[in-house]
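What follows is a set of notes on a single structure, which appears directly below.
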Amino acid sequence: MTEITEVPSPFCGIGTDDLTIHIDGVSLKVTANGCAINSPAFEQPITDTAPKINGQSVSLTAAVDKAAELLRNTQQPLIGGCATDVNGMRALLALADKSGAVVDNINFTAARRNLLALQDSGWMNTTLAELKNRCDVLLVIGTDLEGFAPRFYERYLWNDASMFLENTGRREIIYLGKAPSGDASTSPSGKKAAVFPCADTDLPDVIAVLSALIRKQPLQAQSVAGIAVSDLQVIADKLIAAQYSVVCWGAAALAYDHAELTVQAICGIVKDINMQDTRCSGFPLGGREGDQTANKVCGWTTGYPARVNFARGYPEYDPFLFDSQAMLNNDEADALVWVQAFNISSKPPETDLPTIVIGRSGMTFDKEPNVFIPVGTPGIDHPGHAYRLDNVVAIRLKKLRDSGLPSTAEVLHAIEQAL
């Protein structure tokens with residue numbers, strides 16, 4: 001058995017890099033600093049290594065040739081999932097360019113809510129390091145932060161040392177909308193987060209009232225969505241009085257129509273607070289299953305974050321028109337390539353189109369794809385790089401074992417060469 005310490009994770013999105021993992025052959029066990037997200041992801045066993053064509057085991061060469069054959073005469077192939085590392089995403093875009101495919105990140109519908117707000121009016125966001133060293137008031141809007149990242153508070157709020165705070169245990173945590181699912185938000189001294197619950201669909205009204213209070217606009221209402229306006233005034237006063245407040249939200253949790261307007265209003269609150277004698281920053285959540293990595297690589301390669309179509313011979317961006325699920329529903333694609341190197345439960349959408357799955361070993365299907373090529377997971381089976389949720393750090397992922405599985409980049413490059 002081998003033990004490796006200070007292992008970084010590509011799964012949780014927050015840059016956890018202190019895991020200890022025991023390795024016994026190809027079996028992994030997280031023995032220190034695991035969580036409900038990372039431990040199952042690292043410990044997922046390898047159950048198959050052989051590529052398959054229509055459910056029958058074949059050689060890697062045969063599977064690659066078959067995948068190329070399926071793509072060769074297509075008019076509008078679709079590459080979805082995009083759950084891989086930097087090199088995997090580079091190879092994916094090269095294949096899309098050669099085959100004239102649409103590229104759509106698995107989490108882009110949620111990310112679009114942020115991007116539309118960013119493109120329309122901009123935002124002022126912070127990093128994990130700034131949050132760890134400066135934040136004294138954290139407002140969490142409409143999301144279960146510890147459910148998203150179980151070790152977020154341990155690593156970035158209740159840390160023992162901070163560059164600009166004498167006592168991190170005195171940080172104040174406020175939830176608006178969803179309540180925390182556990183007690184991670186409770187400070188080491190036992191101080192619990194203040195929670196002001198409301199339904200997700202009521203958040204636009206609640207945020208609008210909070211925005212008006214921060215801008216000191218008069219209001220006639222006494223309550224909104226069951227929350228007293230006086231309580232929202234307390235929240236506004238705390239944000240204004242803080243030395244460095246942070247407003248956090250998760251776009252994926254804002255699953256209602258025109259949620260981008262709520263994101264825009266949140267970003268407006270951050271700007272309005274900075275117009276007063278204090279500092280405030282936003283903090284959008286993300287980074288799961290390589291979505292930040294996919295958007296980054298697609299951005300520096302094409303100029304666009306995702307939902308890019310290469311059919312015209314150059315990248316064409318439309319965040320609505322090139323929605324992969326909508327294209328499948330409307331019979332606008334003629335082949336599907338699904339790339340998912342992290343999560344065996346994240347399967348391709350149901351379709352009768354020729355389907356190629358390049359996925360983590362262990363995937364099972366209700367309907368066998370035409371081609372399934374199991375690949376190694378970045379940070380386990382091969383080294384790589386992945387961006388954490390604040391977009392400023394590319395985590396260097398380690399190789400932990402020799403599984404014999406090819407990387408996503410190797411498989412996609414081989415298919416591109418075979419076209």
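Data table
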{"quantity": "Counted residues, segment 225-244 - those being on the phi > 0 side of the Ramachandran plot and either open to solvent by 60 Å² or more (accessible area, probe 1.4 Å) or in a helix (DSSP H, G or I) (or both)", "calculated": "1"}
{"quantity": "Every residue from segment 168-186 that is among the small types (Gly, Ala, Ser), more than 24 Å from residue 254 (Cα to Cα) and modelled with pLDDT of 95 or more", "calculated": "none"}
{"quantity": "Filter result (in contact (Cβ under 8 Å) with a residue 12 or more places away in the chain and either surrounded by fewer than 23 Cβ atoms within 10 Å (Cβ to Cβ) or among the acidic types (Asp, Glu) (or both)) within segment 334-354", "calculated": "334, 343, 344, 346, 347, 349, 350, 351, 353, 354"}
{"quantity": "Residue check, residue 255 in the same structural domain as residue 120 (by TED's automatic domain parsing), under 29 Å from the mean Cα position of the chain (by Cα) and either open to solvent by less than 10 Å² (accessible area, probe 1.4 Å) or farther than 13 Å from residue 176 by Cα (or both)", "calculated": "yes"}
{"quantity": "Residues being touching a Ser or Thr at 6+ places or on another chain (Cβ under 6 Å) and either under 27 Å from residue 256 (Cβ atoms) or not assigned by TED's automatic domain parsing to the domain that holds residue 263 (or both) - total across segment 126-145", "calculated": "3"}
{"quantity": "Condition met for residue 272 (at pLDDT below 95 and either over 30 Å from residue 378 (Cβ atoms) or in contact with a Cys (Cβ under 8 Å, 6 or more places away or on another chain) (or both))", "calculated": "no"}
{"quantity": "Residues (open to solvent by 10 Å² or more (accessible area, probe 1.4 Å), under 14 Å from residue 252 (Cα atoms) and not in a helix (DSSP H, G or I)) located in segment 144-158", "calculated": "144"}
{"quantity": "Selection count where residues are over 30 Å from residue 217 (Cβ atoms) and out of contact with any Leu (no Cβ under 9 Å at 6 or more places or on another chain), scope segment 273-290", "calculated": "2"}
{"quantity": "Any hit, segment 270-278, residues being out of contact with any Gly (no Cβ under 8 Å at 6 or more places or on another chain), closer than 30 Å to residue 388 by Cβ, in contact (Cβ under 8 Å) with a residue 12 or more places away in the chain and aliphatic (A, V, I, L, M)", "calculated": "yes"}
{"quantity": "Residue among 141, 174 that is within 30 Å of residue 304 (Cα to Cα) and open to solvent by less than 30 Å² (accessible area, probe 1.4 Å)", "calculated": "141"}
{"quantity": "Of all residues making up segment 312-335, the number that are among the hydroxyl-bearing types (Ser, Thr, Tyr) and in a loop (DSSP other than H, G, I, E, B)", "calculated": "1"}
{"quantity": "Whichever residue in segment 175-218 is among the charged types (D, E, K, R) and closer than 20 Å to residue 257 by Cα and, among such residues, is farthest from the chain's Cα centre (by Cα)", "calculated": "205"}
{"quantity": "Complete set of residues in segment 283-301 that are in contact (Cβ under 8 Å) with a residue 24 or more places away in the chain, assigned to a helix (DSSP H, G or I), farther than 24 Å from residue 41 by Cα and not polar (S, T, N, Q)", "calculated": "298"}
{"quantity": "Given (1) open to solvent by less than 10 Å² (accessible area, probe 1.4 Å); (2) more than 17 Å from residue 142 (Cα to Cα), index of the condition residue 222 fails", "calculated": "(1)"}
{"quantity": "Among the residues listed as 321, 389, the single one being of a type in the set (A, V, I, L, M), farther than 23 Å from residue 71 by Cα and under 24 Å from the mean Cα position of the chain (by Cα)", "calculated": "389"}
{"quantity": "Segment 372-419, residues that are assigned to a strand (DSSP E or B) and among the small types (Gly, Ala, Ser)", "calculated": "384, 386, 394"}
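The values are calculated or read from the model by the stated rules, or taken from the named source; none is laboratory data. Since the structure is predicted, the reported quantities are computational estimates derived from the model, not experimental observations. Don't worry about glycine lacking a Cβ; one is built from the backbone with ideal geometry, like all the others, and counts go over all protein chains shown. Areas reflect the complete protein model, heavy atoms only, side chains present, ligands, DNA and RNA absent. Shrake-Rupley method; radii C 1.70, N 1.55, O 1.52, S 1.80 Å.
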